Structures are given as C-alpha cells and as structure tokens.
Amino acid sequence: MVPVTQMTTLQSGSRQLEGYLARPEGEGPFPGMVVIHEAYGLNENMKDIARRFAEQGYVALAVDLFAGRNRAICMFRFMGGLLLNSLNNGTIADLKASLTFLSEQPGVDEARLGAVGYCMGGSFAIAWACTDDRLKAIAPYYAMNPRPLEAVARLCPVVGSYPGSDFTTPNGQKLDIELERNKVPHDIKIYPGAKHSFFNDTTRSYNEAAAQDSWERVLAFFGEHIGAKAEV
C-alpha cells in the first residue's frame, strides 16, 4: 500500500500550524493517528513514521509543534509546560486542534483516533490523553509522566516503550504500576540495552531489535483498540 502524502496547514486558535499528512489509497473509513515529534521537530524521520502508519491503513498527521517559532524558545516553553502545567498548556491546545483537523479529513473514522509520540512528544501524548477522550489509544516512547501522576487514571489504553537505562525509565515503571492500579488497558515494556531514541533509525542510538519489537507491539495494540489490521 503506497501512501498519498502532502504538507498541510491547520489552525490552532490564532496560530497556524504545519503538518505532514499521509493516507492510504481508497475511501476508508480509516483510523486516524497523530504523530508527535521529539526535540528534532518535524523531520524526515517523523515523516517516515507517518508514512509507515499510512502503509498499515491509518491516516497519519505528523504535526510540527515548532511551526513559525524558534526551536530553542519552544523547547524552553514546552519543558516548562510539562513540568509546571502538564494538563493544560498551549501545546495540548495545539494537539487538540491537530486531532480536530485530522478527524475532519475525508475517510477518517472519528471514533478511531490515536497518537504516537517520542520523548517530548510521548510526554505530551500522555498528558494530552488525560484530558481528551477522543483518543482511544496512545503509544508513548521514552516519555515523562504528567503531574500529578494520578491524572493517568483517566487515560485511554496505552502501549509504551522505554529504554533499559534512561532518565525516562522510572517514568515507564511508575506508569505501568499506576495504570495497573487503575485497570487501564496497557502494555508497557522496558528494553534492556536500548538507549534513548532507540526507535529513530537516523541516530546512533537506533536499536533495530527494540525498534522492530516495539513497532510490532504498537501495531498489534492499536489494531486491537482502534481496528487497523497489523501487517508486520
């Protein structure tokens, strides 16, 4: 299945965002997926991930949270939002607007929406899903937890992937315990020997075994919860 791709723009309040939209051929209905980048921004790696999801039957939107802004200033603002106001900040508003845009695309089933995020993007995916019940499944990679942690009781199903020794590893372990306690469907896995950004095949941290295993887990988990058949 060869995806159809294009750059696009969308509105979030008074701000214009950019995104990369990848969709399967055909009329659908298809589940929708928001792809949230790590600190490198909307680069070719994130576009490739969007295409990979489209090949699996999703309409995928990789949103550019840095659009029109200085990346360093954005990172400072983002980290402040994650630490001080996890559940209600400008980035969460941008992600909600992105999901609205995605859900309105032709052929997208608005009852089957999910998100995947990496590092910073994974952290935002968790916090966002605590406040937006349109999301039916999320896949955070090497992510930090929102504050307060108890907010994750409101999460949709979660499939999370974390390196074996990383500043995010304790976050994954705590998330696993909290989701189990609140009976939220989840699959949290720690990969011994893997490093931060192990899914990014453009960096030295890439770990092929961990990346492939996590990809298969994500596809299977999303296939169960939002209905796209996994083809791994």
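Observations
- Verdict on Gly121 being open to solvent by less than 10 Å² (accessible area, probe 1.4 Å) and touching a strand residue (DSSP E or B) at 6+ places or on another chain (Cβ under 9 Å): yes
- Residue tally, condition polar (S, T, N, Q) and over 18 Å from the mean Cα position of the chain (by Cα), over region 168-221: 6
- All positions within region 187-214 that are assigned to a helix (DSSP H, G or I) and either touching a residue at least 40 places away in the same chain (Cβ under 8 Å) or among the hydroxyl-bearing types (Ser, Thr, Tyr) (or both): Ala210, Ser214
- Members of region 45-82 found to be open to solvent by 20 Å² or more (accessible area, probe 1.4 Å), farther than 27 Å from Glu27 by Cβ, assigned to a helix (DSSP H, G or I) and at pLDDT 60 or above, listed by number: Arg77, Met79
- Check on Tyr191, over 29 Å from Gly90 (Cβ atoms) and open to solvent by less than 60 Å² (accessible area, probe 1.4 Å): yes
- Residues in region 136-157 that are among the aliphatic types (A, V, I, L, M), surrounded by 24 or more Cβ atoms within 10 Å (Cβ to Cβ), free of Cβ contacts under 8 Å to residues at least 40 places away in the same chain and not in a loop (DSSP other than H, G, I, E, B): Ile138 only.
- Index of the failed condition, Phe167 passing every other in (1) open to solvent by less than 10 Å² (accessible area, probe 1.4 Å); (2) over 25 Å from Arg23 (Cβ atoms): (1)
- Restricting region 9-31 to residues that are touching an Asp or Glu at 6+ places or on another chain (Cβ under 7 Å), surrounded by 15 or more Cβ atoms within 10 Å (Cβ to Cβ) and not in a loop (DSSP other than H, G, I, E, B) leaves a set whose member that is modelled with the lowest pLDDT is Ser12.
- Filter result (of a type outside the set (S, T, N, Q) and part of a helix (DSSP H, G or I)) within region 158-173: Pro170, Gly172
- Being more than 25 Å from Pro31 (Cβ to Cβ), touching a helix residue (DSSP H, G or I) at 6+ places or on another chain (Cβ under 7 Å) and not polar (S, T, N, Q) is a condition met by no residue of region 116-133.
The values are calculated or read from the model by the stated rules, or taken from the named source; none is laboratory data. Everything quoted here is computed from the prediction, not taken from an experiment. Neighbour counts run over all protein chains shown; Cβ positions are idealised from the backbone, glycine included. Note: areas computed on protein heavy atoms with side chains; ligands, DNA, RNA excluded. Shrake-Rupley method; radii C 1.70, N 1.55, O 1.52, S 1.80 Å.
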